[in-house]
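Peer 1: This is the structure, below, for whatever I ask next.
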Amino acid sequence: MEPSPAAGGSETTRLVSPRDRGGAGGSLRLKSLFTEPSEPLPEESKPVEMPFHHCHRDPLPPPGLTPERLHARKQLYAACAVCFVFMAGEVVGGYLAHSLAIMTDAAHLLADVGSMMGSLFSLWLSTRPATRTMTFGWHRSETLGALASVVSLWMVTGILLYLAFVRLLHSDYHIEGGAMLLTASIAVCANLLMAFVLHQAGPPHSHGSRGAEYAPLEEGPEEPLPLGNTSVRAAFVHVLGDLLQSFGVLAASILIYFKPQYKAADPISTFLFSICALGSTAPTLRDVLRILMEGTPRNVGFEPVRDTLLSVPGVRATHELHLWALTLTYHVASAHLAIDSTADPEAVLAEASSRLYSRFGFSSCTLQVEQYQPEMAQCLRCQEPPQA
């Protein structure tokens, strides 16, 4: 910094660039540290989406729900409306028939309505953008909604099992066979309708960076699951459990209608088919726990991903390889790539990222490129994790 005389004998501090000291004739080219008040301040540059960037392989996704989730929302809206109407009908029919089995079916439908509304809320919540606290966004709210759906079914089923056990111990109840038969028949039709609505195939999944399923290019794409959305899948499992129970209730109502002395078929059917409903939640619960425990995504193997990275020219070793999922369709990968000293890091990064996106459908990949060191072979932190 050098003082420069200004008007009136005062001094103004000016910044001297070191490169400017060697100019012709030893003159100093001085740059003022301050801008003139009359000069307008430069406008802040706003971030714009570029057609291609060094690390952004895809264009910025549009705001709002994806086509798959829009389809899932329509399915849930339709199924929730059907479920609510027939639930009200079963409550009335079960009350008139004095049937515990009908009331249990209505209670299951009530649990379905609650779980579907929770799923719709989680779908809306998942569209919120990422923040500095929720850096991945709110995608996992879908998984939490599916978990709440399963837990609610378990709670309702536990209460109904208790009531069925009490009825088996005490026979002081009467059942109207005709009302029970009519209500059970309507319940079967309602559950069939809901199962059809929830099982309709959604829009096809891609296998790019937003793809849903693992499908190596060499093997050809797999058929995508018809229920890729976790919330829809959980609701569909709920409906399947209710459908099984509805068939059981229908069989029991036919028996009671023609043989009133066999009224014990009402709590027995409740007991048996409630257990079946609990068992039907196992696949959804397994997927939810796998996601919440940061497990490797379904249909994505550790070894194929590792071998794909090692096949990139210039890569000598990989370590710190992590694979996990935010939802059934949002897969994430991160890894360290140890490369030769002669390899181009930018080329290795681009090729490795491209292979992971195209072959495994990861939604996000974070790769760190570093020079290979012989000591990595003995480093404990650089070793692969053991088999589970």
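Peer 1: Any idea of the accessible area per residue across region 300-376, 1.4 Å probe, to the nearest Å²?
Peer 2: 40
Peer 1: Report the local net charge at L123: Lys and Arg +1, Asp and Glu -1, summed over other residues whose C-beta lies under 12 Å from its C-beta.
Peer 2: Net local charge, L123 excluded: +2.
Peer 1: Skipping prolines and chain starts, which residues have an amide H placed within reach, meaning under 5 Å, of the one on L337, given they are 5 or more residues away or on another chain?
Peer 2: Distant-sequence amide H within range of L337: Q368, V369, E370.
Peer 1: Count charges around A347 for me, please; just the other residues with Cβ under 14 Å from its Cβ, Lys/Arg as +1, Asp/Glu as -1.
Peer 2: -3
Peer 1: Using θ = phi - 60° and the Karplus form 6.51 cos²θ - 1.76 cosθ + 1.60, what ³J(HN,Hα) does each residue of region 89-95 get, whole Hz, x for Gly and Pro?
Peer 2: So the J values, rounded to whole Hz, are x, 5, 4, 5, x, x, 5.
Peer 1: If I model a spin label as a point 7 Å beyond the Cα along the Cα-Cβ vector, how far apart are those points for L292 and K259 in nm?
Peer 2: Each label point is offset 7 Å from its Cα along the Cβ direction, giving 4.4 nm.
Peer 1: What's the Cα-based Rg to Rh of region 300-376, Rh via Kirkwood?
Peer 2: We get a ratio of 0.97 for region 300-376.
Peer 1: A further question follows. Considering only protein heavy atoms and a 1.4 Å probe, what is the carbon-and-sulfur percentage of the accessible area of region 71-203?
Peer 2: Exposed carbon and sulfur together represent 74 percent of the surface.
Peer 1: Oh, and also: Could you please state how large a percent of the accessible area of region 300-376 is carbon and sulfur, counting protein chains only and using a 1.4 Å probe?
Peer 2: Carbon plus sulfur share of accessible area: 49 percent.
The values are calculated or read from the model by the stated rules, or taken from the named source; none is laboratory data. These figures come from a predicted structure and were not determined experimentally. FYI the Cβ positions are ideal-geometry reconstructions off the backbone, even for glycines, and counts take in every protein chain you see. We work out accessible area using only protein heavy atoms, side chains counted, and drop any ligands, DNA or RNA first. Shrake-Rupley method; radii C 1.70, N 1.55, O 1.52, S 1.80 Å.
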